[in-house]
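**Student:** Submitted below is the structure of interest, expressed as structure tokens.
The values are calculated or read from the model by the stated rules, or taken from the named source; none is laboratory data. Not measured: the values here are computed from a predicted model. Ideal geometry is used to build each Cβ from the backbone, glycine not excepted, and the neighbour counts take in all protein chains shown. Side chains included, ligands, DNA and RNA excluded: accessible areas come from the protein's heavy atoms. Shrake-Rupley method; radii C 1.70, N 1.55, O 1.52, S 1.80 Å.
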Amino acid sequence: MSIWSFARQTVPDFLGAVSQSPSTDLVGRALLIDQVVKRVSRRDRRGETPGVALLEAGPRMLSIAVLVDVNRVDGIGAGERMRLSRLPIFRGIQAALPNTDWLIQLEAFGVYEPEFQLASGNTISASTHGSAGCALSWIGGHGFATAGHVAPTIGQTVYEAGAAVGTVLWANDPNNTGANPEADFAVVELDPGASFSTTNAPYITGAAHDPLSFVSGAGHPPPATPATIMGYCVSWALPSYNATLGEAYLTSQQISASGDSGAPVHLASGELIGHVVGASPGILTIVQDLDFQLQEAGAHVAGLKA
């Protein structure tokens with residue numbers, strides 16, 4: 001799983017392995033808490049605690065944080081981090097995991113429910129308008145990526161500036177898929193003779209505090225202070241869309257705007273880490289891990305690579 005790679009990149013002496021017990025391993029604990037939060041939150045209240053993340057807690061340090069929707073839960077502000085034990089959800093987790101002393105270390109992180117970064121008239125369009133992602137190739141073809149919610153239908157035409165440039169070869173739109181963590185990803189095959197500029201850069205696993213390049217899919221101005229990777233989310237439920245986004249980076253501030261859905265995100269050093277799939281308004285951008293996206297799509301598109 002990609003979250004293991006993120007932890008190893010952030011903490012060089014991280015000794016986690018899939019076989020280790022969740023009681024002694026940070027990633028295992030995060031995955032355990034993610035499952036417990038899903039169990040203790042009733043279905044109609046899933047949006048109160050939509051996910052669990054590993055967040056930067058200092059140089060080469062990570063902490064486990066439960067995401068808390070500030071519009072659904074009192075006592076925490078947008079962008080605020082506090083001890084989870086100060087909020088009612090903590091009691092449910094304690095009851096599910098009695099005699100677990102490390103629970104007191106859990107954090108809560110106040111967020112808004114994410115929005116998809118869509119707009120009219122930006123870069124590419126299919127069912128909605130978004131941005132072209134990285135260049136892709138596979139056995140017998142080549143093209144580019146975008147968000148699944150931008151181009152959700154296999155066989156539909158994708159346009160750039162009103163001209164057809166390709167066709168959706170495979171897509172996964174997380175809308176109305178429920179609680180299963182999904183890749184928000186589409187593979188677009190270029191039409192013969194189509195000319196289209198796409199990103200072609202090596203991709204790697206990012207680490208907490210890695211500086212990020214500006215996302216420019218919609219042509220909006222860059223933030224005054226460069227953003228960094230703040231953390232990595234196991235999953236994030238979007239009740240308004242009946243969707244759950246799978247593994248994704250969380251940025252230290254919002255670096256995307258309407259029209260950026262599907263835009264590639266790079267480290268300041270140039271390497272690609274993933275694509276914009278949404279934003280918690282005014283707080284952060286959700287950048288789904290490219291490795292997670294390729295694993296999901298690769299099961300359907302033979303030889304797929306970025």
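**Student:** When you go through Ile154, Ile204, Ile139 one by one, which is the residue that is open to solvent by 50 Å² or more (accessible area, probe 1.4 Å), without any contact (Cβ under 8 Å) to a residue 60 or more places away in the chain and of a type in the set (Val, Ile, Thr)?
**Tutor:** Among Ile154, Ile204, Ile139, only Ile154 is open to solvent by 50 Å² or more (accessible area, probe 1.4 Å), without any contact (Cβ under 8 Å) to a residue 60 or more places away in the chain and of a type in the set (Val, Ile, Thr).
**Student:** Just to be sure I understand, how many residues within the stretch 4-26 are buried (at least 17 other Cβ atoms within 10 Å of the Cβ), at pLDDT below 90 and of a type in the set (A, V, I, L, M)?
**Tutor:** 2
**Student:** For Ala147, state whether it is in contact with a His (Cβ under 7 Å, 6 or more places away or on another chain) and modelled with pLDDT of 90 or more.
**Tutor:** Taking the combined requirement at face value, the residue satisfies it.
**Student:** Still on this structure, please answer the following. Name the single residue, out of those in the stretch 183-198 being open to solvent by 30 Å² or more (accessible area, probe 1.4 Å) and in contact with a Gly (Cβ under 7 Å, 6 or more places away or on another chain), that is modelled with the highest pLDDT.
**Tutor:** Step by step, filter the stretch 183-198, then rank; the result is Glu189.
**Student:** List every residue pair whose Cβ atoms sit under 9 Å apart, with the two residues 6 or more apart in sequence or on different chains, where the first one lies in the stretch 208-225 and is part of a loop (DSSP other than H, G, I, E, B) and surrounded by fewer than 12 Cβ atoms within 10 Å (Cβ to Cβ) and the second, anywhere, is at pLDDT below 70 and hydroxyl-bearing (Ser, Thr, Tyr).
**Tutor:** Between residues of the stretch 208-225 that are part of a loop (DSSP other than H, G, I, E, B) and surrounded by fewer than 12 Cβ atoms within 10 Å (Cβ to Cβ) and residues that are at pLDDT below 70 and hydroxyl-bearing (Ser, Thr, Tyr), the close pairs are Gly219/Thr123.
**Student:** Can you tell me which residue among Asp34, Asp74, Asp44 is modelled with pLDDT of 90 or more and outside any loop (DSSP other than H, G, I, E, B)?
**Tutor:** Selected residue: Asp34, the only one of Asp34, Asp74, Asp44 that is modelled with pLDDT of 90 or more and outside any loop (DSSP other than H, G, I, E, B).
**Student:** Related question: Can you list residue pairs whose Cβ atoms sit under 6 Å apart, with the first residue in the stretch 70-95 being at positive phi and the second being open to solvent by 80 Å² or more (accessible area, probe 1.4 Å)? Count only pairs 6 or more apart in sequence or on different chains.
**Tutor:** Nothing qualifies.
**Student:** Right, something else. Among all residue pairs at least 6 apart or on different chains, which show Cβ distances below 7 Å where the first residue, located in the stretch 289-305, is closer than 23 Å to Met230 by Cα and open to solvent by less than 70 Å² (accessible area, probe 1.4 Å) and the second is modelled with pLDDT of 95 or more and in a helix (DSSP H, G or I)?
**Tutor:** If the second residue must be modelled with pLDDT of 95 or more and in a helix (DSSP H, G or I), no pairs are left.
**Student:** I've got another one for you. Being at pLDDT 95 or above and either touching a strand residue (DSSP E or B) at 6+ places or on another chain (Cβ under 8 Å) or open to solvent by less than 20 Å² (accessible area, probe 1.4 Å) (or both), is that true of even one residue in the stretch 121-132?
**Tutor:** Looking for residues that are at pLDDT 95 or above and either touching a strand residue (DSSP E or B) at 6+ places or on another chain (Cβ under 8 Å) or open to solvent by less than 20 Å² (accessible area, probe 1.4 Å) (or both), one finds none in the stretch 121-132, hence no.
**Student:** Something else about it: Could you run through the stretch 94-120 and say how many residues are more than 27 Å from Ala279 (Cα to Cα) and either open to solvent by less than 50 Å² (accessible area, probe 1.4 Å) or among the aromatic types (Phe, Trp, Tyr) (or both)?
**Tutor:** 5
**Student:** Which of the residues spanning the stretch 71-93 are farther than 30 Å from Pro152 by Cβ, open to solvent by 40 Å² or more (accessible area, probe 1.4 Å) and of a type outside the set (Gly, Ala, Ser)?
**Tutor:** Of everything in the stretch 71-93, those that are farther than 30 Å from Pro152 by Cβ, open to solvent by 40 Å² or more (accessible area, probe 1.4 Å) and of a type outside the set (Gly, Ala, Ser) turn out to be Asp74, Glu80, Arg81, Arg83, Arg86, Pro88, Arg91.
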